[in-house]
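Okay, so here's the structure we're looking at.
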Protein chains: 2
Amino acid sequence: MSEPIPDFYAVIPAGGIGSRLWPLSRADAPKFLHDLTGSGQSLLRATWDRLEPLAGHDRIAVVTGRAHRAAVEDELPGIPDANVFLESEPRDSTAAIGLAAAVLVRRDPDVIVGSFAADHVIRVPHLFEWAVRQAVAVAREGYICTIGIQPSEPSVGFGYIKKGEGLIIDGAPEAALVESFVEKPDLETAKHYFAERSYLWNAGMFISRADVLLAEIQAQRPQLHAGLMELAEAWDDRAARGPAVDRIWPKLERIAIDYSVAEPAAAKGHLAVVPGHFDWDDVGDFASLSKLNSGGRSDNLAILGKNARILADASSGIVVSNTPRVVSVVGVKDIVIVDTDDALLVTTTEHAQRVKGVVDALRLTGDGDVL
Amino acid sequence: MSEPIPDFYAVIPAGGIGSRLWPLSRADAPKFLHDLTGSGQSLLRATWDRLEPLAGHDRIAVVTGRAHRAAVEDELPGIPDANVFLESEPRDSTAAIGLAAAVLVRRDPDVIVGSFAADHVIRVPHLFEWAVRQAVAVAREGYICTIGIQPSEPSVGFGYIKKGEGLIIDGAPEAALVESFVEKPDLETAKHYFAERSYLWNAGMFISRADVLLAEIQAQRPQLHAGLMELAEAWDDRAARGPAVDRIWPKLERIAIDYSVAEPAAAKGHLAVVPGHFDWDDVGDFASLSKLNSGGRSDNLAILGKNARILADASSGIVVSNTPRVVSVVGVKDIVIVDTDDALLVTTTEHAQRVKGVVDALRLTGDGDVL
C-alpha cells in the first residue's frame with residue numbers, strides 16, 4: 001500500500017472561508033490555513049500529507065483563490081506551478097473540481113481524479129488510504145465513486161448516503177451502488193440511520209475518471225461544461241490563461257458537485273460508494289472544534305493556540321487564543337471563546353451555529369474590517 | 001444647603017486596587033481611576049464632585065500611593081499640593097485617615113474630617129449631602145458619626161450597622177447611637193435585617209472631629225497613634241516629610257478603621273449613625289458592576305467602555321471593553337467579559353467573587369505582568 005497509484009491525481013478544492021469559525025477563519029485567513037487540531041500543521045498541509053502516499057508529490061492539485069496563492073505555496077513548498085489552479089472568485093465545487101478534471105484529462109486522457117476538501121480533519125491515515133485505493137479501483141470500472149464515512153454517532157450535522165446493492169469489483173471488496181443521498185436528518189431519523197449501518201456520512205469526496213466526471217457534467221450542466229472546456233483549452237498556454245479566466249470564470253454556474261453530478265449520477269446507477277472507517281470531521285463550527293480537541297470529555301476545556309496563555313478554572317468548552325494575551329476563564333460551561341487581534345467571540349457550543357449570523361450582521365453594521 | 005461647611009474637611013482614601021475587578025482594575029490603573037457607570041467620569045472624580053459642595057474646592061484631601069500621584073492630579077486638576085497625601089505603600093485605612101486627621105488638626109484644631117472611599121458609586125447627590133450635613137452636626141457634639149446606607153434589598157454582600165437609641169441633636173433629626181456592627185449575614189439573616197429597618201449597610205464613611213478620632217486611635221492603638229503624630233509633625237516641613245514617611249510609614253500597623261476605631265467606639269457609646277437614603281454601591285465585583293449598569297433588568301447586557309464595539313445577541317451580564325476590538329457575544333447568559341489590551345476575563349456573575357483567586361493564581365504562575 002505504500003506506492004502511489006500511477007493513474008491517480010488528487011485535487012484539493014481550497015475555497016471556502018469557513019464563516020462559522022469566525023473570527024478564527026476569515027477572508028484573509030480561511031479555515032484551511034489554520035491548525036485546528038493542535039498538531040502544528042494547517043488543515044491544508046495535513047490534507048496534502050494524507051494524499052501524497054496515494055498520488056505522489058507531483059500529482060496533487062490545489063484549486064484556490066488568487067488571494068491565497070502565496071499562503072498556499074508557503075504551506076506546500078515545492079508544489080509544481082502547474083498544480084496550482086487559481087480562481088478569480090469562488091464559483092463552488094463543480095467549477096473548481098471540473099476545471100481541474102478538464103485540464104488534467106488533456107494532460108492524461110485516462111487520469112482518475114479524486115477530490116478532497118482542504119479543511120476536513122481525518123485520523124487513522126491508513127484507513128483513509130484503504131478507502132481511496134478501493135475508490136480508485138471502482139472508478140477504473142467507469143463509476144463515479146464517493147467515500148461515505150461510517151458514522152460514529154447519530155449525527156444531525158451531516159448529510160447521509162444510503163448504500164444500495166453491492167458491487168463485485170477487484171480491489172474494492174466494500175464497494176456498493178449509492179441508492180440515494182439524504183439531507184441532514186432530525187435526531188430520531190439519525191438514530192435510525194445509525195442503527196441501520198447502511199447510511200454513511202457524505203464527506204464530499206468523489207473519485208472518478210476525469211472523462212467520466214466531465215461527461216456527467218456535460219449531461220447535467222452543458223453550459224458549465226462548455227465553459228470548463230474552453231478554459232481548459234487555454235489553461236496550459238501562459239498567455240491565454242489569464243484572459244480566459246477573466247472572461248469565462250465569473251460566468252460559470254455556482255453549484256456544488258453534490259447537486260450537479262452526484263445526485264443525478266446516483267439516480268442513474270452511475271454512483272458507487274466505499275465506506276470510510278476512519279475518524280472524520282468537517283469541523284463545521286466551534287462545537288465540532290471543541291469536541292475534536294477535548295479528548296472526548298465534555299467536561300474538558302479544549303485549548304487551541306500555539307502560545308496560548310490560559311488560566312482556567314471549573315470551565316468546559318473551548319478557548320482559541322491567537323494573541324499573547326492572558327485569557328482567564330472561570331466557572332463557564334460549554335463556552336466558546338475565540339480571541340484574535342481585532343475581534344473576540346464569546347458564545348456557547350449550543351449556539352455555535354449562530355456564528356454565521358454574526359458574520360452577516362458585522363457586514364451590515366459596517367464592521368466588515370474584522371471579517 | 002449650597003454653602004460648604006466651614007469647619008469640614010473631606011478625606012478620600014484612594015488606596016485599594018480592587019482585585020475582584022481585574023483585569024479592569026490593576027496595580028497601575030486601580031478601580032478609583034475608572035469610569036464604572038458610563039458617566040464619563042472616574043469614580044475618584046465623581047467622589048470629589050460630590051464632596052466639593054460640602055467641603056469646598058480647597059478642603060478635600062486625597063490619600064493615595066506615590067505611584068498614583070500623577071493620575072490623581074490628572075483627575076483632579078487644581079488640587080492644592082497640601083491636600084495630596086502620598087503613601088509609600090498601602091497601610092490600610094486607619095493609617096491613611098489617621099494621617100490626614102493628624103496633619104489637618106495641626107492646621108485647624110477644631111476641624112471635622114469625613115472620610116469617603118474613592119471607589120464607591122453614589123446616586124442622588126442631594127440625599128448624600130443631607131446625610132453628611134447631619135453627620136457633621138453629630139460630630140460637632142463629640143461623636144464619631146458614620147453614615148449607614150438604608151438597604152434597598154436584603155444583601156449578603158455588605159456588613160451591617162445596628163441602629164440603637166435615637167439622639168436629639170440639632171440639624172441631625174435622624175441621628176442615633178450605633179448599637180453594634182455585624183459582619184456580612186447569610187440570606188435568611190439579611191432578610192430579617194431588611195424587614196427590621198434598623199439595620200443599615202456599613203459603607204465605611206466616618207465623620208468626626210479630628211481630635212476625637214485621634215484620641216480614639218490613641219486609646220485603642222497607642223503605637224499607631226504615636227507614629228501618626230510623629231509623621232504629622234514632620235509633614236508640613238518639605239525637607240522632613242520624605243525621610244519621615246520612609247522611616248515611619250512602613251512600620252505602621254495595617255488595620256481597617258472599622259476595627260481600630262469604629263467597633264470599640266460603638267461599644268463605648270461614642271459612635272453615632274445617620275441613615276443615608278441615597279443609592280450606594282461599593283462595586284465590589286463584576287456582578288455588582290453588571291447590576292449597576294444594566295438598568296435594573298437582569299436580562300440586559302450591560303456594556304461599559306467608551307469606544308466599545310459590541311455585537312450582542314440573546315445575551316445578558318456585562319461586557320467591559322477597553323480595546324478597539326469587535327466583541328461578539330452570542331447566546332450567553334449572566335456572562336462577564338472583560339476585554340483589555342493584555343488580558344481577557346470570561347466568567348459569570350455567579351462566579352464574580354472568584355476573580356480575586358485568579359489574581360492570586362496569576363501571581364503564582366509567573367503571569368504577574370498583567371496584574
- Work out the charge dipole of chain B with +1 on the Cβ of Lys and Arg and -1 on the Cβ of Asp and Glu about the Cα centre, then indicate which of B:VAL330, B:LEU213, B:GLY142 is farthest towards its positive end. B:VAL330
- Query: If only Cα atoms are counted, what is the Rg of segment B:265-327, and what is its Dmax, in Å?
  - Reply: 18.0, 57
- Measure nothing fancy, just the Cα-based angle from helix A:92-107's long axis to the longest principal axis of chain A, in degrees from 0 to 90, nearest 10. 40
- Determine the sum of side-chain charges near B:ALA266: Lys and Arg each +1, Asp and Glu each -1, restricted to other residues whose C-beta is under 13 angstrom from that of B:ALA266. -2
- Query: What translational D, rounded to a whole number of µm²/s, comes out for segment A:218-332 from Stokes-Einstein when the hydrodynamic radius is the Kirkwood one over Cα pairs, at 10 °C and 1.306 mPa s?
  - Reply: 83
- In a GNM of chain A with a 10 Å cut-off on Cα contacts, which of A:GLY295, A:GLY305, A:GLY159 has the highest mean-square fluctuation? A:GLY295
- Among A:ARG238, A:ARG140, A:ARG221, which one moves the most in a GNM of chain A with springs linking Cα atoms closer than 10 Å? A:ARG238
- Item | Angle between chain B longest axis and helix B:222-235 axis [Cα atoms, degrees, rounded to 10] | 90
- Note on the structure: Within segment A:64-96, the residues whose backbone N lies under 11 Å from a label point placed 7 Å from the Cα of A:HIS57 along the Cα-to-Cβ direction are A:77-80
- Task: Taking 7 Å along the Cα-to-C-beta vector as the label spot, tell me the B:SER298-B:GLN223 distance in nanometres, rounded to one decimal.
- Result: 4.8
- Note down the magnitude of the dipole of the protein assembly as shown about its Cα centre, charges +1 on Lys and Arg C-beta and -1 on Asp and Glu C-beta and zero elsewhere, to the nearest 20 debye. 140
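In debye to the nearest 20, how big a dipole does segment A:136-182 give about its Cα centre with +1 on each Lys and Arg Cβ and -1 on each Asp and Glu Cβ? List each step's numbers first, then the result.
Details: 3 positive and 6 negative charges, 22 e Å.
Charge dipole of segment A:136-182: 100 debye, to the nearest 20.
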- Would you mind giving the average projected area, over all directions, of the Cα convex hull of segment A:8-281 in nm² with one decimal? 13.7
- Item | Between 0 and 90°, nearest 10: helix B:43-55 axis offset from chain B longest Cα axis | 30
- Whole number in Å², please: accessible area per residue of chain A, 1.4 Å probe, ligands, DNA and RNA not counted. 40
- Here the correct list, in nm and shortest first, of distances from B:LYS333 to the same site in the other copies, label points 7 Å along Cα→Cβ, is 1.1
- Taking a label point 7 Å out from Cα toward Cβ, give me the nm distances from B:ALA361 to the same spot in the other copies, shortest first, one decimal. 2.9
- Give a quick list of trypsin sites (Lys or Arg not before Pro) in segment B:299-337 that DSSP marks as loop, anything other than H, G, I, E or B, with at most 14 other Cβ atoms within 10 Å. B:LYS306, B:LYS333
- Which of the residues in segment B:322-337 lose at least 30 Å² of accessible area when you go from the chain alone to all protein chains together (probe 1.4 Å)? B:ARG325, B:VAL326, B:SER328, B:VAL330, B:GLY331, B:VAL332
- Task: Could you please state, rounded to a whole Å, how far the C-alpha centre of segment B:228-256 is from the C-alpha centre of segment A:273-345?
- Result: 53
- Query: Roughly speaking, what % of Cα-Cα pairs in segment B:173-221 are separated by over 18 Å, rounded to a whole number?
  - Reply: 49
- Dividing the mean separation of Cα pairs under 8 Å (6+ apart) by the residue count of chain A yields a relative contact order in percent of 19
- Task: State, to one decimal in nm, how far the label point of A:ALA27 lies from the label point of B:ARG106, with both points 7 Å from Cα in the Cβ direction.
- Result: 6.7
- Query: With no solvent and one point on each alpha carbon, what is the Debye value of log10 I(q)/I(0) for segment A:95-153 at q = 0.15, 0.21, 0.27 Å⁻¹?
  - Reply: -0.55, -0.99, -1.26
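When the dipole is taken about the Cα centre of segment A:8-281, and only Lys, Arg (+1) and Asp, Glu (-1) are charged at their Cβ, what size is it in debye, to the nearest 20?
The calculation lands at about 260 debye.
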- Message: Using a Gaussian network model on chain B with a 10 Å cutoff between Cα atoms, which of B:GLY38, B:GLY78, B:GLY166 fluctuates the most?
- Response: B:GLY78
- Per-residue average of other protein chain Cβ atoms inside 10 Å, peptide B:347-355 -> 4
- Task: Every other copy gets compared here: list the nm distances from the B:LEU187 label point (7 Å along Cα to Cβ) to its counterparts, shortest first, one decimal.
- Result: 3.0
- Message: How large is the translational diffusion coefficient of segment B:129-237 in µm² per second when you combine the Kirkwood radius over alpha carbon pairs with Stokes-Einstein at 37 °C and 0.692 mPa s?
- Response: 211
- Just the Cα atoms of segment B:72-212: what Rg and Dmax do they give in Å? 16.7, 49
- Query: Got a sec? Charge dipole of the protein assembly as shown, +1 on Cβ for Lys and Arg, -1 for Asp and Glu; which of A:GLY159, A:PRO185, A:VAL245 is way out at the positive end?
  - Reply: A:PRO185
- Ignoring any ligand, DNA or RNA, what whole percent of the accessible area of segment B:292-370 comes from carbon and sulfur when the probe is 1.4 angstrom? 47
- Message: Can you give the Rg/Rh ratio of the protein assembly as shown, where Rg is from the C-alpha atoms and Rh is the Kirkwood radius?
- Response: 1.17
- Query: Can you list the lysines whose alpha carbon is less than 18 Å from that of B:LYS333, not counting same-chain residues fewer than 8 positions off?
  - Reply: A:LYS333, B:LYS291
- Query: To the nearest 100 Å², how much accessible surface do chains B and A hide from each other in total, with a 1.4 Å probe?
  - Reply: 2600
- Task: Kindly state, as a whole number, the per residue volume in cubic angstrom of the convex hull around the alpha carbon atoms of segment B:1-138.
- Result: 113
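Could you work out the relative contact order of segment A:286-370, using alpha carbon pairs under 8 angstrom and six or more residues apart, expressed as a whole percent?
22
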- Message: Can you say what percent of the DSSP beta bridges in segment B:8-281, counting only those with both residues inside, are antiparallel? Round to 5.
- Response: 55
- Note on the structure: Computed over the Cα atoms of segment B:292-370, the Rg and Dmax in Å are 13.3, 39
- Quick one: length gained pulling B:HIS192 to B:LYS268 fully straight, 0.36 nm per residue minus the C-alpha distance? 24.8 nm
- Task: Just the number, please: carbon plus sulfur as a percent of the accessible area of segment B:8-281, 1.4 Å probe, no ligands or DNA/RNA counted.
- Result: 50
- Just in segment A:156-206: which GluC sites (Glu not before Pro) are loop by DSSP and have at most 14 other Cβ atoms within 10 Å? A:GLU183
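The values are calculated or read from the model by the stated rules, or taken from the named source; none is laboratory data. A quick note: this is a predicted structure, and the numbers were derived from the prediction, not measured. As a convention, Cβ positions derive from the backbone with ideal geometry for all residues, glycine included, and neighbour counts pool all protein chains shown. Quick note on the areas: whole protein, heavy atoms, side chains included, nothing else; ligands and nucleic acids left out. Shrake-Rupley method; radii C 1.70, N 1.55, O 1.52, S 1.80 Å.
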